[in-house]
Amino acid sequence: MRILVSNDDGIFSPGIKALGLAMRALGEVYVVAPDVEQSAVGHGITVRRPLRFKHTASAGFGEVPAYRVDGTPADCVVLGVHLLGRPDLVVSGINIGVNLGLDLTHSGTVAAALEGASLGIPSIAFSLDTSGEELNFTLAAEWAVRIARRVMQEGLPKGVLLNVNFPAGMPKGIMVTRLSTHHWEDKVVERLDPEGRPYYWIAGTPVGEEEEGTDLYAVRRGYISITPVSLDFTASHLLAQVEKWMEGL
């Protein structure tokens, strides 16, 4: 089996190193990741400038081929597939911090898996809760291998990926979940540069309801959350209603 590993925290992140090395238990691994952190860039693709694709032995993957790209996580998957050959599996992460609920709309970690799924490749995004005293990427990577092995045994429907979030500390088990309302309550901070001109930081606070059965509920209670995510965003239950709205326009 050939496995493409990517992320949004960058090729030098401890999360991708743990994931990439652990995935060797399942087959041939190659890593393609951003050269710098690309968190919260979403599913962006670079189309208005050229991209650099460079082998990077200093990333610490040993004999595992590792390449850095001066672009987005989705760029990394596109280049990895086209330049290194089509993989049997795409895994993204392990992200430093959870990707729950509406976080998926801007997560670069999830975007790498989305790109893989859009290419018809079974794909999984992995993220780790950072609220614990220390980050145990090795433990998370061991669970990631177990989950990836089962996915390859059972397969995934086309257009579906798995979004996996690990709790802080030792997991109590696994919960298969739906997305929660977890999101960031945006705040814009205005400051002045040395010449007195305003500039802005977009900041925020995470909020969301811990409804039973959701990803947030599972992770907050010490469980691994596994959420099947579909590329089909269609609100199918509203098709007939919207069609009625449009009558006579």
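Once each part is reduced to its C-alpha centroid, what is the distance from the stretch 92-113 to the stretch 219-249 in angstrom?
19
Solvent-accessible area of Arg149, probe 1.4 Å, all protein chains present, reported in Å² to the nearest ten, please.
Its accessible surface works out to 100 Å², give or take rounding.
Quick one: work out the % antiparallel among DSSP beta bridges in the chain, nearest 5.
Here the antiparallel bridges make up roughly 40 percent for the chain.
Taking only C-alpha pairs under 8 Å that are 6+ residues apart, what is the relative contact order of the chain in percent?
18
May I ask you to list, by number, the DSSP H helices of the chain whose Cα span along the axis is at least 18 Å and whose average Kyte-Doolittle hydropathy reaches 0.0 or more?
137-154
As a test, work out the antiparallel percent of DSSP beta bridges whose residues both lie in the stretch 121-249, rounded to the nearest 5.
Expressed as a percentage, antiparallel bridges in the stretch 121-249 total about 65.
Can you give me the Cα centroid spacing of the stretch 164-180 and the stretch 14-85 in angstrom?
Distance between centres, Cα-based: 25 Å.
What is the magnitude of the charge dipole of the chain about its Cα centre, with +1 placed on the Cβ of each Lys and Arg, -1 on the Cβ of each Asp and Glu, and no other charges, expressed in debye to the nearest 20?
My answer is approximately 780 debye.
Quick one: which residues, 5+ away or cross-chain, put their amide H under 5 Å from the amide H of Ile174? H built at 1.01 Å from N.
Under 5 Å from the amide H of Ile174 lie the amide H atoms of Ile224, each far enough along the sequence or on another chain.
Most fluctuating residue of Val110, Val188, Val91 in a GNM of the chain with Cα springs under 10 Å: which is it?
Highest fluctuation of the listed residues: Val188.
So what's the net charge close to Pro198: Lys and Arg +1, Asp and Glu -1, counting the other residues with Cβ under 13 Å from its Cβ?
-1
Tell me the Rg and the Dmax, in Å, that the Cα atoms of the stretch 165-244 produce.
Taking only Cα atoms of the stretch 165-244, I get Rg and Dmax of 19.4, 56 Å.
With a 10 Å cut-off between alpha carbons and a GNM built on the chain, which of Gly85, Gly196, Gly101 moves the most?
Fluctuation is largest for Gly196.
Hand me the GluC sites (Glu not before Pro) from the stretch 1-91 located in a DSSP loop with no more than 10 other Cβ atoms within 10 Å, in residue order please.
Hits after loop and neighbour filter: Glu63.
Calculated from DSSP H runs of 4 or more alone, at -39500 (n - 2.57) each and per residue, what is the 222 nm mean residue ellipticity of the chain, nearest 500?
Counting only the DSSP helices, I get -7500 deg cm²/dmol.
Would you check the accessible area of Lys172, probe 1.4 Å, heavy atoms only, in square angstrom rounded to 10?
Taking all protein chains as shown, Lys172 has close to 140 Å².
P(r) of the chain in 10 Å steps, Cα pairs, percent per bin?
P(r) over the chain, rounded to whole percents: 8, 30, 33, 19, 8, 2, 0.
With +1 on each Lys and Arg Cβ and -1 on each Asp and Glu Cβ, and nothing else charged, work out how big the dipole of the stretch 130-181 is about its Cα centre, in Debye to the nearest 20.
That gives a dipole near 320 debye.
Considering only Gly208, Ile121, Asn136, whose Cα is most displaced toward the positive end of the charge dipole of the chain, charges sitting on Cβ of Lys, Arg (+1) and Asp, Glu (-1)?
It is Ile121, whose Cα lies furthest towards the positive end.
Using DSSP, restrict attention to beta bridges with both residues in the stretch 1-138 and report what percent are antiparallel, rounded to the nearest 5.
If I count the DSSP bridges inside the stretch 1-138, around 15 percent turn out antiparallel.
Check which residues have an amide H placed less than 5 Å from Gly93's amide H, if you skip close sequence neighbours.
The answer is Ser6, Asn7, Asp8, Phe126.
The values are calculated or read from the model by the stated rules, or taken from the named source; none is laboratory data. All of these numbers come straight from a predicted model, not from anything done at the bench. FYI the Cβ positions are ideal-geometry reconstructions off the backbone, even for glycines, and counts take in every protein chain you see. SASA here: full protein model, heavy atoms, side chains in, ligands and nucleic acids out. Shrake-Rupley method; radii C 1.70, N 1.55, O 1.52, S 1.80 Å.
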